[in-house]
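Comments concern the structure below.
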Amino acid sequence: MIFITKPSESPALSHHGNVSHWHPATPYEPIEKGETIPSIAGGPEAHKISRFVEKPDRETAQGYVGSGNYLWNSGMFMFPASRVLEELEKFTPEIVRSRGEAFHGGTSDSDFFRLESEAFHACPSDSIDYAVMEKTESGVMIPLAAGWNDLGSWDALWDIHPKDEDRNVTVGDTLLHDVRSSYVHATSRLVAAMGVEDHVIVETPDAVLVTTWDRVQDVKLLVRKIKGGKREEALTHKKVYRPWGSYECINCEARFQVKRITVKPGAKLSLQKHHHRAEHWVVVRGTALVTRGDEQVLLKEDESTYIPLGVNHRLENPGKIPLELIEVQSGSYLGEDDIVRFDDVYGR
């Protein structure tokens, strides 16, 4: 079982913006080198693993780089699947057990395989590093001397993008004035920034992040607060995928919602009804076959239909291109659990 590691000569620190503003780079774990294993037949020199070290602060990381006794865990491993399963069985058998129960209790529908939910959620959430590699006695590490960027953080993205004259990186629809050494990323709307330096500003349809470079790796603290507050952003994205396609909330209020629905060619939603809401459908692309009570109607682009509260209905795409429509829901309760299914090809 082999680690591919970054040599200590490869900087574990990076800088951006003001060149004197150094900070810990992406969150790798250092590994202290153990006994050297001579190369065989011209192969690379390897090392036994002396110990793993928790992610260091800036000063500690600088000391590790200078010592030459540490390599940085790149997160790349080489092993046969059978071997890592043996080690999992030895050190974390609960992962193996939950995995087996989730797989063998799973079901197939269309092009989806659905793991058994209860067993999957019971599986411990652990990385391969903690579950196996920090415990096994069969591991060695091989240095890799190469350019490296994990692209696992905003500062890593800043490193690889071209900068403007003020050392800013911008992505998407942005407007800057008197901004320096910053990363500004717009996904769905204009982002305007003024009078800031060394900032990370990231806009998505779900949320907007504003922080400074020296705190960017603390974003997990905000994630914990979002989850602790049981906010919807921690549960679903604006765009939600289903076996038949996807839907995206355009405007969601207490008593009405506007959604964009996309149905894959040949796919169909369940035959269902709602106790608390009515729906209007407007086809904007493709063709829709709509079941409404005892009737079926074929809708083309620019045509619409109304589904009254309590009426059985189904939406299908009989065409060869994706079906796109705008759905307007109105009613006293608009939750996704207000669905009574009578027939569903996906077994829900």
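The values are calculated or read from the model by the stated rules, or taken from the named source; none is laboratory data. Owing to the predicted nature of the structure, the values given are computational and were not obtained by experimental measurement. Here Cβ is always computed from backbone atoms with ideal geometry, including for glycine, and neighbour counts include all displayed protein chains.
Below are the figures for this structure:
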item	result
Subset tally (residues that are hydroxyl-bearing (S, T, Y) and farther than 20 Å from G34 by Cβ) for the stretch 99-146	6
Residue within the stretch 327-338 that is surrounded by 14 or more Cβ atoms within 10 Å (Cβ to Cβ) and more than 22 Å from E248 (Cβ to Cβ) present	no
Number of positions in the stretch 39-63 that are loosely packed, with under 14 Cβ neighbours inside 10 Å, modelled with pLDDT of 80 or more and assigned to a loop (DSSP other than H, G, I, E, B)	1
Of residues in the stretch 206-240 being closer than 21 Å to H185 by Cα, of a type in the set (A, V, I, L, M) and touching a strand residue (DSSP E or B) at 6+ places or on another chain (Cβ under 6 Å), the one surrounded by the fewest Cβ atoms within 10 Å (Cβ to Cβ)	V210
Residues of the stretch 278-300 satisfying the condition of being assigned to a strand (DSSP E or B), crowded, with 19+ Cβ neighbours inside 10 Å and under 32 Å from the mean Cα position of the chain (by Cα)	E279, W281, V283, A288
Criterion: touching a Pro at 6+ places or on another chain (Cβ under 6 Å) and free of Cβ contacts under 8 Å to residues at least 60 places away in the same chain - qualifying residue of I95, I128	I95
Complete set of residues in the stretch 197-221 that are assigned to a helix (DSSP H, G or I), of a type in the set (A, V, I, L, M) and under 25 Å from D173 (Cα atoms)	V216, V219
Per-region count, the stretch 241-277, residues among the β-branched types (V, I, T) and surrounded by 17 or more Cβ atoms within 10 Å (Cβ to Cβ)	3
Subset of the stretch 163-222 that is closer than 30 Å to P56 by Cα and of a type in the set (D, E) - its residue that is nearest to the chain's Cα centre (by Cα)	E203
Selection count, the stretch 190-208, where residues are modelled with pLDDT under 95 and either touching a helix residue (DSSP H, G or I) at 6+ places or on another chain (Cβ under 8 Å) or charged (D, E, K, R) (or both)	2
Failed item in (1) at negative phi; (2) at pLDDT 90 or above; (3) in contact with a helix residue (DSSP H, G or I) (Cβ under 9 Å, 6 or more places away or on another chain), with S181 passing the rest	(1)
Breaking point among (1) surrounded by fewer than 14 Cβ atoms within 10 Å (Cβ to Cβ); (2) charged (D, E, K, R); (3) under 30 Å from G34 (Cα atoms), for D178	(3)
Verdict on E197 being more than 28 Å from S332 (Cβ to Cβ) and in contact (Cβ under 8 Å) with a residue 24 or more places away in the chain	yes
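This table checks each residue for (1) among the basic types (K, R); (2) under 30 Å from K268 (Cα atoms); (3) in contact (Cβ under 8 Å) with a residue 40 or more places away in the chain.
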residue	(1), (2), (3)
V65	no, no, yes
G68	no, no, yes
S82	no, no, no
E86	no, no, no
R99	yes, no, no
